[in-house]
1. Spot the failing condition for Asp12; the list is (1) modelled with pLDDT under 90; (2) open to solvent by less than 100 Å² (accessible area, probe 1.4 Å); (3) under 60 Å from the mean Cα position of the chain (by Cα), and only one is missed.
2. Return the pairs, sorted by first residue and then second, in which the second residue is open to solvent by 90 Å² or more (accessible area, probe 1.4 Å), the first residue lies in the range 93-115 and is in contact (Cβ under 8 Å) with a residue 40 or more places away in the chain, the beta carbons are less than 7 Å apart, and the residues are 6+ apart or on different chains.
Amino acid sequence: EEEEEEEEEMNDEEKNTANQPKLLKQKEKLTKSKRNKQKRHKALLTQLQHQKRLKSFHHQLAEVRKHAKDVQRAELLRLRRQTELSRLRDEKKQEPLGKNIWNQLAEKDPIRAPALPVALTEELEEHRGGTLRTVAPKGSLVTDRLESMAARNLIWKKKAEGRRIVQGKRRRKVMGEKGTEYLLL
């Protein structure tokens, strides 16, 4: 009960203070020189803000010019690369298919590249006087023809892939057919 009475008294006090008007403190009247000084100070602050905004605007303008130059350089570089790539593509299209088969095979896989099917001068001398008719042929006519057709995109060249068989804890790799399979188009 005592607590309720205390709360009621506090509420009454708050109501009384709320009803009373607040006293406003009057500002002191400034002298003419102080008012002029405040005006000058305010004008100086606005001028400084204006200069600051102008400076940031000039900075942004310089940045825009810089970015525009960067964009132009990037465009020029992209255009040069594009023309170079198109020139290289055109050169590659102009090159006939099936040309330099042996060099291309040697570049792709130098270990398995076939030897050139040309008889050396030493081999010519070994075989009865050195005529080409007496020299034993090198390579295989079938594989040479297939490589030539694959280079001219007449057939697809497909490697046989091995498959893995898992047996218990041991794993071993079982290879399919060795060599290359050819698929007619």
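1. Unmet condition: (3).
2. Leu97/Asn153
The values are calculated or read from the model by the stated rules, or taken from the named source; none is laboratory data. Quick caveat: nothing in here was measured; it's all calculated off a predicted structure. Reconstructed Cβ throughout: ideal geometry from the backbone, glycine too, with neighbour counts over all protein chains shown. Surface accessibility is based on the protein's heavy atoms, side chains included, excluding ligands, DNA and RNA. Shrake-Rupley method; radii C 1.70, N 1.55, O 1.52, S 1.80 Å.
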